[in-house]
Amino acid sequence: MRADVAVTPPAANADGPRVVIVGGGFAGLYVALGLKNKAVRVTLIDKKNHHTFQPLLYQVATTVLSPGQIATSLRHIVRKSKNIEVLLGEVSGFDFEAKRVKVNDSPDLPYDYLVICAGSRHSYFGHDEWEKFAPGLKTVEDAVEIRRRILMAFEEAERESFYSGKTAPLTFAVIGGGPTGVEVAGAIADIARRAVAHDYKSIDTTQTKVVLFEGTGRILGMFPEDLGLKAEKQLKELGVELRKNAMVSDVQEGRIKVCDEWIETRLTVWTTGVAANPLGKKLGVPTARNGTVAVQPDLTLEGHPDVFILGDMATLKDAHGVQVPALGASATQEGQATAKNILRDLAKQPRKPFVYKDKGTMSTIGRNRAVALIGKVELTGLFAWLSWSLVHVYLLVGFRNKLFVMWDWVWAYFTRERSSGLITGNNNPPPPNPNSTT
């Protein structure tokens with residue numbers, strides 16, 4: 001049972017205010033790094049022991065990279081920070097009056113400053129039962145599971161063809177035409193048509209059907225319309241079928257319902273809809289439909305200047321009236337700004353309101369294919385793809401990760417080969433699909 005008492009965690013720097021950070025994503029990590037070796041005691045708590053570079057999760061899911069190349073131990077990242085302690089634990093609630101963070105099966109954590117940035121999950125719009133059949137892509141575990149399902153789909157088709165001489169069509173469905181959906185659809189098409197095209201003897205993987213479903217009239221809605229159209233063209237060049245204005249109304253084992261039509265699938269991947277971490281509902285304040293919390297210009301909770309809400313859990317128009325997007329880049333900037341405001345408090349200086357700096361938006365589609373918007377400059381094709389590659393390598397945490405990711409990308413570019421296609425977990429053949437018509 002959790003002892004309902006407060007404790008003061010040990011720290012090398014015994015002086016200074018106590019800063020508790022909930023969540024080791026972009027926002028939480030950069031708050032911690034901004035307070036590195038300063039006159040504060042920092043406790044970073046997360047239910048996972050690693051920081052994940054989420055923009056490259058799809059490359060783990062599609063066999064380009066291994067999990068260890070995009071995830072780094074939080075303890076390793078802050079190992080040279082004498083004032084930062086990392087705790088593995090799950091936060092269950094808050095007591096703002098007593099200034100405590102409630103942790104499952106552990107004593108409460110006291111704080112002087114509290115930073116809540118526990119991230120988000122995909123929203124299934126009230127149909128959480130769909131997740132079993134259409135996994136989302138937010139964690140390393142998600143990526144590994146999708147990777148397993150992609151490879152198992154080819155293995156199942158090969159086995160069917162070997163024993164019966166025929167196999168049902170291989171159809172992969174990706175739901176959601178945002179950056180992640182576009183990236184996943186393009187990567188699966190590349191796997192089927194190039195990466196594993198010569199690995200199977202009984203099936204022709206180049207005939208795999210990859211369909212991207214988008215509920216609105218265009219993909220990549222955060223980009224200018226002309227860039228969205230160019231992305232559509234590049235997807236079609238890869239063999240991806242695009243269905244716009246196609247709302248998914250049901251997801252079941254082996255099939256999805258789109259506009260009253262049932263479509264059989266070998267694999268369905270969910271990349272649309274975002275819901276903030278449920279911790280947002282435990283703050284005692286109104287939340288938006290997606291669970292986000294409105295924050296003050298300095299990213300604090302109204303009425304609680306010692307409580308900061310960052311990243312996917314916050315909704316905010318910055319000091320210039322710009323709606324801050326839910327992106328890794330904005331979460332990083334929020335983390336850096338929060339650390340500076342805490343240090344301003346210590347120096348008895350006024351805080352500064354958060355100002356978001358838009359450094360561009362990019363989405364990769366496949367080899368030599370991408371779209372990018374940097375300021376007013378629009379890039380497509382090879383130049384956009386190279387820009388995307390360089391930016392993402394630069395932002396990766398850790399020199400070792402940067403080096404090995406670059407090597408794997410160069411290797412894959414010139415050889416068309418990907419990382420080892422190992423299937424882990426439950427590899428037993430699934431029971432027959434009850435919805436199959438074959």
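Some notes on this structure:
- Straight-line reach from K281: taking Cα to Cα under 23 Å and skipping same-chain neighbours fewer than 8 places apart, the lysines in range are K47, K48, K99, K102, K138, K317.
- Rounded tilt (10° steps) of 140-164 against the dominant C-alpha axis of the chain: 10 degrees
- Taking every DSSP helix (H) stretch of at least 4 residues in the chain, weighting each as -39,500 (n - 2.57) and dividing the sum by the residue count yields a mean residue ellipticity at 222 nm of -8500 deg cm²/dmol.
- Overall, the chain carries a charge dipole of about 1220 debye about its Cα centre when +1 sits on the Cβ of Lys and Arg and -1 on the Cβ of Asp and Glu, all other atoms neutral.
- At 0.692 mPa s and 37 °C, Stokes diffusion of the chain via Kirkwood alpha-carbon radius, µm² per second: 142 µm²/s
- Principal-axis tilt of helix 179-190 within the chain, Cα atoms, nearest 10 degrees: 30 degrees
- In the stretch 116-185, the chymotrypsin sites (Phe, Trp or Tyr not before Pro) that fall in loop regions by DSSP, at most 15 other Cβ within 10 Å: F125
- Here the calculated FRET efficiency for E261 and N49, from their Cβ-Cβ distance with R0 = 35 Å, stands at 0.20, rounded to the nearest 0.05.
- Helix 328-346 and the longest principal axis of the Cα set of the chain meet at an angle near 10°.
- Across the stretch 85-93, computed HN-Hα scalar couplings (Karplus, 6.51 cos²θ - 1.76 cosθ + 1.60, θ = phi - 60°) run 10, 9, 10, 8, x, 10, 7, 10, x Hz from first to last residue, x flagging Gly and Pro.
- Pairwise centroid distance, computed over Cα atoms, of the stretch 212-235 with the stretch 123-192, Å: 21 Å
- If you take all other residues with their beta carbon under 13 Å from the beta carbon of K82, and give Lys and Arg +1 and Asp and Glu -1, the sum is +3.
- Cleavage-rule hits, trypsin sites (Lys or Arg not before Pro), the stretch 140-205, DSSP coil, Cβ neighbours within 10 Å at most 15: K166, K201
- Cα centroid separation, the stretch 36-91 to the stretch 247-298 (Å): 25 Å
- Relative to the current alpha-carbon distance between E141 and N245, full extension at 0.36 nm per residue lengthens the span by 34.4 nm.
- Using the Karplus relation 6.51 cos²θ - 1.76 cosθ + 1.60 with θ = phi - 60°, the per-residue 3J(HN,Hα) values for the stretch 314-322 come to 10, 10, 7, 9, 6, 4, 9, x, 8 Hz, with x marking Gly and Pro.
- Gyration tensor verdict on the stretch 86-181 (Cα atoms; rounded if a/c is under 1.5, prolate if a/b is larger than b/c, oblate otherwise): prolate
- Cα gyration tensor category, rounded, prolate or oblate, for the stretch 128-272 with a/c compared to 1.5: prolate
- Gyration tensor (alpha-carbon) shape descriptor, the stretch 24-145, a/c threshold 1.5: oblate
- In this structure the amide hydrogen of S92, modeled in the peptide plane, comes within under 5 Å of the amide hydrogens of K102, V103, N104, none closer than 5 places in sequence on its chain.
- Farthest toward positive dipole pole in the chain [+1 Lys/Arg, -1 Asp/Glu at C-beta], among T63, P350, V269: P350
- For H122, distant residues with modelled amide H under 5 Å away: A275
- Across the stretch 19-30, computed HN-Hα scalar couplings (Karplus, 6.51 cos²θ - 1.76 cosθ + 1.60, θ = phi - 60°) run 10, 9, 10, 9, x, x, x, 4, 5, x, 4, 7 Hz from first to last residue, x flagging Gly and Pro.
Read-outs: derived from the displayed coordinates by stated rules, not from any lab. As the structure is a computational prediction, the values presented were derived from the model and not from experiment. Cβ coordinates were reconstructed from backbone atoms using ideal geometry, including for glycine residues, and neighbour counts include every protein chain displayed.
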